[in-house]
Amino acid sequence: MLEPAQTDIDIWLVDDREVADPDLLDAYRELLNPEETARHQRFIFTRHRHQFLVSRALVRCVLGQYLDCAPATVEFSHNRHGKPQVVADPGLQFNLTHTNGLIALAVTKRAPVGIDVEYLSRQADIVKLASRYFADEENRALYRLPVAAWNQRFYDLWTLKEAYLKACGTGLTTPLSDFSFTFGKQGIGIGFSGIIADDPAHWQFWLLDAPGTFRLSVAVNDPAAQTYTLNPKMGIPMGEFRPLVLPAAAFAQ
Ligand SMILES: CC(C)(COP(=O)(O)OP(=O)(O)OC[C@H]1O[C@@H](n2cnc3c(N)ncnc32)[C@H](O)[C@@H]1OP(=O)(O)O)[C@@H](O)C(=O)NCCC(=O)NCCS
C-alpha cells in the first residue's frame, strides 16, 4: 500500500506511445467498468482510444495501490462539473491530464490538486486565444516580452490556468480572466478579481519541463500553506515506475 506523506504530491507519468504489448492492452481492458468500456468504444480515432485506455489503467492501477485494493474495484463519483473522486476515500486527492504523448496523474493525501500538460510546439493562434481568454494584466505582461518568448508564456499561462481550475474542480464555469498569474523573483503568484472569493496565500504552483517538449503545471490548495514536495516518476501501468527529475521551467519575468 502506498502512503504519501501529508505534503507529498506524487506525479505519475506515462508516454502512451511506449505501451504497445497486446497482452498488456488486453489486461487494461479487463480493468474497465461497463461505462468506461462504452466510452472506450466510442472514440473514433485509434490514438484517442489508446490514450483513454492507458489513462484509465494508470488511474486504476495507481489509486488501487494507495487504497490497497484491486485496480478493477476502484469506484469513482464525480462532482457536478465532472471532477472525479474515489468513493472509498474522498480525501485521497488526484487529478489526471493527457495530451498526445504524455499522460500525467497527480496524487496527494488531502489537499485539492490540479495538473495540466500541453505540448509546447502545438500550433495555436496564441494572440487570438490570449486576448479571448487571459486577463488584461496577463496580456499586457505577455506583450511586454520579446516576441520569441510569447509562445512559451502562452503555454505557461494556459497550463497554470487549467491546473488551478482543475484543482478547484469547477472547470470552465470560472471565467479564465477572473484570475491572473504573475512571474517574478518570488516565483509564480496568483491574483483574483473581486468576483472570486479565494486567497492567493492558499495556493502553490509548479511549472515544469516534462520530457518531450511538454509544459506541465501543478496547483495545490492548502489553507495551512504547508510546503509541498513533488515526487515525479515515469513508467507504464502494471509495469515499473522509476523516479524522474522534472526541471522547473525557466520563465521570463
Ligand atoms: C475538463 C477540463 C477540466 C480539462 O480539460 P482538458 O484540459 O481538455 O483535459 P485534461 O486532459 O487536462 O484533463 C481531463 C481529465 O480531467 C479530469 N476532469 C474532468 N472534469 C474535471 C473538473 N471539473 N475538474 C478537474 N478535473 C476534471 C478527468 O479525469 C479528465 O479525464 P478524462 O477525460 O479521461 O475523464 C476543463 O477545464 C476543460 O474542458 N477545458 C477545456 C480547455 C480550455 O478551454 N482551456 C482554456 C485554458 S486557458
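The values are calculated or read from the model by the stated rules, or taken from the named source; none is laboratory data. Not measured: the values here are computed from a predicted model. Cβ placement follows ideal geometry from the backbone for every residue including glycine, while neighbour counts extend to all protein chains displayed. When the accessible area is computed, the model is the full protein with side chains, heavy atoms only, and any ligands, DNA or RNA have been set aside. Shrake-Rupley method; radii C 1.70, N 1.55, O 1.52, S 1.80 Å.
Brief remarks follow.
- Among the residues here, residue 120 qualifies as under 22 Å from residue 219 (Cβ atoms), open to solvent by less than 40 Å² (accessible area, probe 1.4 Å) and at pLDDT below 95.
- Scanning the stretch 87-101 for residues that are within 9 Å of the ligand (Cβ to nearest atom) and either of a type in the set (Lys, Arg) or in contact with a helix residue (DSSP H, G or I) (Cβ under 8 Å, 6 or more places away or on another chain) (or both) yields 94, 95, 96, 97, 98.
- Any hit, the stretch 127-137, residues being open to solvent by 60 Å² or more (accessible area, probe 1.4 Å), part of a loop (DSSP other than H, G, I, E, B) and either farther than 22 Å from residue 234 by Cβ or touching a strand residue (DSSP E or B) at 6+ places or on another chain (Cβ under 6 Å) (or both): no
- Test for residue 140: is it within 30 Å of residue 78 (Cβ to Cβ), out of contact with any strand residue (DSSP E or B) (no Cβ under 6 Å at 6 or more places or on another chain), open to solvent by 10 Å² or more (accessible area, probe 1.4 Å) and free of Cβ contacts under 8 Å to residues at least 60 places away in the same chain: no
- Applying a threshold of 6 Å to beta carbon distances and a minimum spacing of six or more residues, or different chains, the list of pairs starting in the stretch 111-122 at a residue that is more than 8 Å from the ligand (Cβ to nearest atom) and ending at one that is in a loop (DSSP other than H, G, I, E, B) reads 111/222; 120/213; 121/213.
- Candidates 38, 104, 57, filtered to the one that is within 15 Å of the ligand (Cβ to nearest atom), among the aliphatic types (A, V, I, L, M), at pLDDT 95 or above and part of a strand (DSSP E or B): 104
- Residue that is open to solvent by 60 Å² or more (accessible area, probe 1.4 Å) and not polar (S, T, N, Q), where the choices are 224, 219: 224
- Candidate set from the stretch 147-195 (those that are over 25 Å from residue 214 (Cβ atoms), of a type outside the set (Ser, Thr, Tyr) and within 15 Å of the ligand (Cβ to nearest atom)); member that is surrounded by the most Cβ atoms within 10 Å (Cβ to Cβ): 178
- Strands (runs of 3 or more DSSP E) lying entirely in the stretch 146-229 (those with 1 or more residues that are free of Cβ contacts under 8 Å to residues at least 60 places away in the same chain and more than 17 Å from the chain's Cα centre (by Cα)): 179-184, 187-192
- Residue selected from the stretch 41-54 under the condition surrounded by fewer than 17 Cβ atoms within 10 Å (Cβ to Cβ) and in a helix (DSSP H, G or I), by the criterion nearest to the ligand (Cβ to nearest atom): 48
- Residues that are farther than 16 Å from residue 13 by Cβ, within 17 Å of the chain's Cα centre (by Cα) and either open to solvent by 40 Å² or more (accessible area, probe 1.4 Å) or among the hydrophobic types (A, V, I, L, M, F, W, C) (or both), drawn from the stretch 57-78: 78
- Top-ranked residue of the stretch 83-101 - restricted to ones that are modelled with pLDDT of 95 or more and in contact with a Gly (Cβ under 8 Å, 6 or more places away or on another chain), ranked as most open to solvent (accessible area, probe 1.4 Å): 83
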